[in-house]
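I have placed the structure first, in the form of structure tokens, so that the comments after it can refer back to it.
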Amino acid sequence: MTAVIYARYSSDNQREESIEGQIRECTAYAEKNGITVVKHYIDRAYSARTANRPEFQRMVKDSERRLFDIVLVWKLDRFARDRYDAAHYRHILQKNHVKLVSATEPISDSPAGIMMESMLTGMAEYYSAELSEKIVRGMTENVLKGNITAALSRSAM
């Protein structure tokens, strides 16, 4: 079995260690399970709330050529934080005979696995939407307190 690792982080505020940790854990999973990793696809500072990520799209396109059997992610939320995108792109991979595997979330191929994957994907979308609400609320409070210039000057650093 051959696999590619897909890793990403969402914002410029995150560091390369995030990618390194994802790759390390995915590689350990692959070694433990007799899977050969043939390539890494890495998106830096791209949210999984959208599928418009260059390496993600390249990976999906490459799956058509059947160069690998598995897309290995650290967690399903690295693949997508939108349940519709998750289902759509997972279906494309399945059509191309490629399996999506999470290195840290054991999901079986049973009917219970279908439910577990759906719950994890829904929870990832929920987390992202809730975080957005909290950020907007915090930014609104800063504006109301007159702290917008402090927030802007910190973000420019």
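Please treat every number below as a calculation from the coordinates, not as lab data. As the structure is a prediction and not an experimental result, all values here were calculated from the model. FYI the Cβ positions are ideal-geometry reconstructions off the backbone, even for glycines, and counts take in every protein chain you see.
Given a Förster radius of 22 Å and the C-beta distance between Ser108 and Lys39 as r, what FRET efficiency does 1/(1 + (r/R0)^6) yield to the nearest 0.05?
Values: r = 26 Å, r/R0 = 1.19.
The computed FRET efficiency comes out at 0.25.
Note on Lys145: lysines with a C-alpha under 19 Å away, same-chain residues under 8 apart excluded, are Lys134. Applying 1/(1 + (r/R0)^6) with r as the Cβ-Cβ distance of Asn142 and Gln57 and R0 = 41 angstrom yields a FRET efficiency of 0.70.
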